[in-house]
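Trainee: Just passing along the structure, written as structure tokens.
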Amino acid sequence: MEKEPLTEPQKVLIRDSWQIVSQDQIHHGTVLFTRLFELEPDLVFLFQYNSAHFSTVQECLGSSEFTEHIRKVMTVIDAAVSSVDSLSSLDEYLTGLGRKHRATGVKLESFKTVGESLIFALESGLGELFTPETREAWSQLYGVVVGAMSRGWYREPQGE
Ligand code: HEM
């Protein structure tokens, strides 16, 4: 992640919009995953916990384990927004996170749908505040996050 892809005005748009959405992270995260499961219903089967194997999207969305995953996702986005001036500081963490996701069986291609679902959730939460410029800024930020995660699909663990 050598190159800094976000401009200063884009960083302002991201911080301002996230300040609104992050007030209710679980709600907006639930909108994101509801959309994701509409677009790729089979992803629900990748979420299996010791105490719970879901056979429907509703069961998954209603479970406390899955709510924790929503919280984890929103925490990563929150970290990316807080580190928008120095995204490379998250590189190693995100590559490791990508590696963990590869191990869960999720395909890298599905992260494109996650990106679309994130944009959908932001748009639902922000209404007309979600301008084309804000959308573009978020697409770029998401691209950086997934770019770093995707290295976890290809790179072998270091020092192990
Ligand atoms: C296709 C979408 C995704 C699928 C199928 C998926 C699946 C999973 C699964 C099965 C786990 C392990 C169980 C758990 O902790 O609940 C997990 C953990 C996690 N996921 Fe995801 N995930 C997806 C997207 C994301 C995204 C977009 C992020 C953040 C950018 C994320 C962040 C995390 C984190 C932080 C953990 C915990 C990792 C750890 O234990 O260190 N996930 N994910």
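The values are calculated or read from the model by the stated rules, or taken from the named source; none is laboratory data. The structure displayed is predicted, hence computed values, not measured ones. Counting neighbours? That spans all protein chains shown, and the Cβs are built from the backbone with ideal geometry, glycine included. What goes into the accessible areas is simple: the full protein's heavy atoms, side chains included, and nothing from ligands, DNA or RNA. Shrake-Rupley method; radii C 1.70, N 1.55, O 1.52, S 1.80 Å.
Trainee: Report the local net charge at THR95: Lys and Arg +1, Asp and Glu -1, summed over other residues whose C-beta lies under 9 Å from its C-beta.
Mentor: Net charge in that neighbourhood comes out at +1.
Trainee: Between THR67 and GLU128, what is the label-to-label distance in nm when each label sits 7 Å out along the Cα-to-Cβ direction?
Mentor: So the two model labels end up 3.5 nm from each other.
Trainee: Please calculate how many Å² of accessible area the range 8-154 carries per residue, with a 1.4 Å probe and no DNA, RNA or ligand atoms counted.
Mentor: Here the per-residue accessible area is 53 Å².
Trainee: Express in whole angstrom the spacing between the alpha-carbon centres of the range 72-104 and the range 7-48.
Mentor: 14
Trainee: What does the convex hull of the Cα atoms of the range 59-112 come to per residue, in Å³, rounded to a whole number?
Mentor: Normalising the Cα hull of the range 59-112 by residue number yields 98 Å³.
Trainee: Oh, and also: Given a 1.4 angstrom probe, I'd like the percentage of the accessible area of the chain that is carbon and sulfur, rounded to a whole number.
Mentor: 54
Trainee: Assuming R0 = 41 Å, can you tell me the calculated FRET efficiency for the pair ARG135 and GLU59, based on Cβ-Cβ distance, to the nearest 0.05?
Mentor: 0.80
Trainee: Let me ask something else about it. Using label points projected 7 Å from each Cα along Cα→Cβ, tell me how many nm separate ASP42 and ILE26, to one decimal.
Mentor: Distance between label points: 3.2 nm.
Trainee: Turning to a different aspect of this structure: Can you work out the base-10 log of I(q)/I(0) for the range 2-160 at q = 0.09, 0.10, 0.13 1/Å, using the Debye formula on its C-alpha atoms alone?
Mentor: Log-scaled intensity ratios, in q order: -0.29, -0.36, -0.62.
Trainee: Counting only protein chains, not ligands or nucleic acids, how are THR34, THR104, THR95 ordered by accessible area (probe 1.4 Å), most first?
Mentor: Ranked list, largest accessible area first: THR104, THR34, THR95.
Trainee: For THR34 and ALA103, calculate 0.36 nm times their separation in residues minus their Cα-Cα distance, and state this gained length in nm to one decimal.
Mentor: 22.6 nm
Trainee: Let me ask something additional. Please give me, ordered by residue number, the trypsin sites (Lys or Arg not before Pro) of the range 11-119 that lie in loop per DSSP and have at most 15 other Cβ atoms within 10 Å.
Mentor: Answer by residue number: LYS107.
Trainee: If I stretch the segment between LYS112 and SER82 completely, what's the gain in nm (0.36 nm per residue apart, minus their alpha carbon distance), one decimal?
Mentor: 8.5 nm
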